[in-house]
Amino acid sequence: AMHVAVGKVLLILFPERVKQQVLAMNQKNPHFSYDNWLPTFYSMQYFWFVLKVRWQRLEDRTEPGGLAPNCPVVRLSG
């Protein structure tokens, strides 16, 4: 909720800076159109989606000796 609230405030106060940040995050995606996606950022729909994804991550568990959950992997080498 805090992420969405802060994002909404920043979007209102500094729209050009938020636009630069969002475009920088999606440089590798040629199908990304800022004008099409802007209305969804920091909306209630966005909030519920993020909440659902976070909730699903809470269920990522495994038993000793079982298969590992399908979760993101981070390499310390970059």
Quiz item: In Å, what is the Rg of the alpha-carbon atoms in the chain, and how long is Dmax?
Solution: 16.5, 51
Quiz item: How large, in percent, is the carbon and sulfur part of the accessible surface of the range 1-60 at a probe radius of 1.4 Å?
Solution: 64 percent
Quiz item: Hey, what did the chain get for relative contact order, percent, Cα under 8 Å, at least 6 apart?
Solution: 26 percent
Quiz item: For residue 63 and residue 5, FRET efficiency with R0 = 35 Å and r from the beta-carbon atoms, rounded to 0.05?
Solution: 0.40
Quiz item: Can you give the calculated 222 nm mean residue ellipticity of the chain, where each DSSP H run of n ≥ 4 adds -39,500 (n - 2.57) and the sum is split over every residue, rounded to the nearest 500 deg cm²/dmol?
Solution: -16000 deg cm²/dmol
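The values are calculated or read from the model by the stated rules, or taken from the named source; none is laboratory data. The structure displayed is predicted, hence computed values, not measured ones. With ideal geometry, Cβ positions are generated from the backbone for all residues, glycine too; neighbour counts draw on all protein chains shown. Just the protein is used for accessible areas: all its heavy atoms, side chains included, with ligands, DNA and RNA removed. Shrake-Rupley method; radii C 1.70, N 1.55, O 1.52, S 1.80 Å.
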